[in-house]
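Enquirer: Below are the structure tokens for one structure; questions will follow.
Derivation of every value follows stated rules applied to the coordinates shown; laboratory data play no part. Since the model is a prediction, treat every value here as computed from it, not as a measurement. Every residue, glycine among them, receives a Cβ derived from its backbone with ideal geometry; neighbour counts consider all protein chains shown.
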Amino acid sequence: MKTLFKTSVFGLLLLVFTTSCATTVRVRPANKVVVTKVHNPRVVVHKNVKYYRSGGVWYVKKNRRYVAVAAPVGVRVKTLPTGYRVVKVRGVKYYRYKGVYYKRTGRNYVVVNV
């Protein structure tokens, strides 16, 4: 009886500690995260620096790896990432995706600080 009790307590503790409600899921890499492959990147040149944009995350290529960086302010893009949200800040309309704010200028969008 004692071994059955010990086994069930051990199993219950194992279940509690392995399944947690406090699981954190990151949607995008944080700055300075290095990846070796970027899925279908769009290349954007801004101030003579090649940026690679994939899934709303901006990268710079260093050697044969890609380092996640903050979106360069002032860069122009033709399309917004899928899943953007329209937000108004002080009455001005912006498009936000993963913490990056875009403002429409003509046919393009410009990365801005808000």
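Enquirer: May I ask you to work out the translational diffusion coefficient for the stretch 26-112 at 4 °C, viscosity 1.567 mPa s, via Stokes-Einstein with Rh from the Kirkwood sum over Cα pairs, reported in whole µm²/s? Display every interim value, and only then the final one.
Expert: On the way: Rh = 13.5 Å.
Estimated diffusion coefficient is 96 µm²/s.
Enquirer: Would you mind ranking Val49, Val112 by Cβ crowding within 10 Å, fewest neighbours first?
Expert: So the residues, fewest neighbours to most, are Val49, Val112.
Enquirer: How do 33-46, 55-68 rank on mean C-beta neighbours within 10 Å, highest first? Could the numbers behind the result be given before it?
Expert: Details: 33-46: 12.2, 55-68: 16.0.
Taking the mean over residues of other Cβ atoms within 10 Å, the ranking is 55-68, 33-46.
Enquirer: In nm, what is the difference between 0.36 nm times the number of residues separating Thr105 and Asn63 and their Cα-Cα distance?
Expert: Numbers: separation 42, 0.36 × 42 = 15.12 nm, distance 3.41 nm.
Length gained, Thr105 through Asn63: 11.7 nm.
Enquirer: For a label point 7 Å from the Cα of Leu80 along Cα→C-beta, name the residues of the stretch 37-74 whose backbone N is under 14 Å from it.
Expert: 56
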